[in-house]
């Protein structure tokens with residue numbers, strides 16, 4: 001007997017890959033899809049598919065938790081709710097397939113555990129800890145990350161790889177922050193120099209002697225000195241972080257290439 005015909009609505013796959021390769025910094029959007037040459041209608045379909053999945057997962061999470069305290073909830077009720085997750089997840093996987101007529105992305109039980117993790121969190125309610133459903137946008141972002149990793153056959157990083165990335169990203173962020181602050185300092189110093197020049201000229205115009213001018217302009221001069229000292233400290237910070245970046249960048253590049261899906 002011939003197998004069941006497969007037809008995947010997989011137009012969003014390219015967007016999932018692009019988001020994965022850029023670190024899934026934010027949720028997919030209609031603009032992001034259209035920028036990848038994908039019709040915005042597929043974004044609506046994707047949102048609806050993920051929300052259907054979220055509601056199935058939330059139903060299971062609630063029953064599995066409440067069973068601890070409610071004897072009316074039976075084990076078979078919890079299992080039935082878990083089974084409802086699979087069709088929705090299969091639909092999500094189908095949107096990540098490489099072509100429309102093959103099915104290579106399979107449901108894995110460990111993925112279901114991940115979906116359960118994505119669906120809830122702890123929160124504080126007036127000082128007491130409570131469980132809460134994760135909102136639909138956050139859940140969708142986690143699903144998009146998971147899909148990217150599945151398509152890319154992404155590996156789980158070792159502790160050493162993780163620590164290397166943390167150190168590298170921290171160093172690059174420190175450089176960015178310090179450089180931005182130096183730009184601010186340069187502007188502040190330029191303004192202070194203008195202010196100082198203007199004030200000295202005015203004091204000389206009214207006949208104030210040089211010693212008094214020095215005293216009267218001390219505040220501006222002190223501010224310039226402090227800013228110059230801060231800028232010098234930032235130079236040291238940039239140099240130190242540049243050394244970290246230089247030391248790690250080759251290995252980080254190899255790691256990122258390994259994790260990306262071409």
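The values are calculated or read from the model by the stated rules, or taken from the named source; none is laboratory data. Please read all numbers here as calculations on a predicted model, not as lab measurements. Neighbour counts are summed over all protein chains in view; Cβ atoms, including those assigned to glycine, are modelled from backbone coordinates with ideal geometry.
A few remarks follow.
- Out of 146, 165, 255, 234, one residue alone is assigned to a helix (DSSP H, G or I), in the same structural domain as residue 20 (by TED's automatic domain parsing) and in contact (Cβ under 8 Å) with a residue 24 or more places away in the chain. It is 146.
- The listed residues are 137, 170, and the only one of them that is assigned by TED's automatic domain parsing to the domain that holds residue 60, loosely packed, with under 15 Cβ neighbours inside 10 Å and assigned to a helix (DSSP H, G or I) turns out to be 137.
- Sole exception among (1) surrounded by 13 or more Cβ atoms within 10 Å (Cβ to Cβ); (2) within 22 Å of residue 146 (Cβ to Cβ) for residue 25, by number: (1)
- Residues satisfying the stated conditions in the range 50-83, i.e. in a loop (DSSP other than H, G, I, E, B) and either surrounded by 15 or more Cβ atoms within 10 Å (Cβ to Cβ) or not assigned by TED's automatic domain parsing to the domain that holds residue 112 (or both): 67, 73
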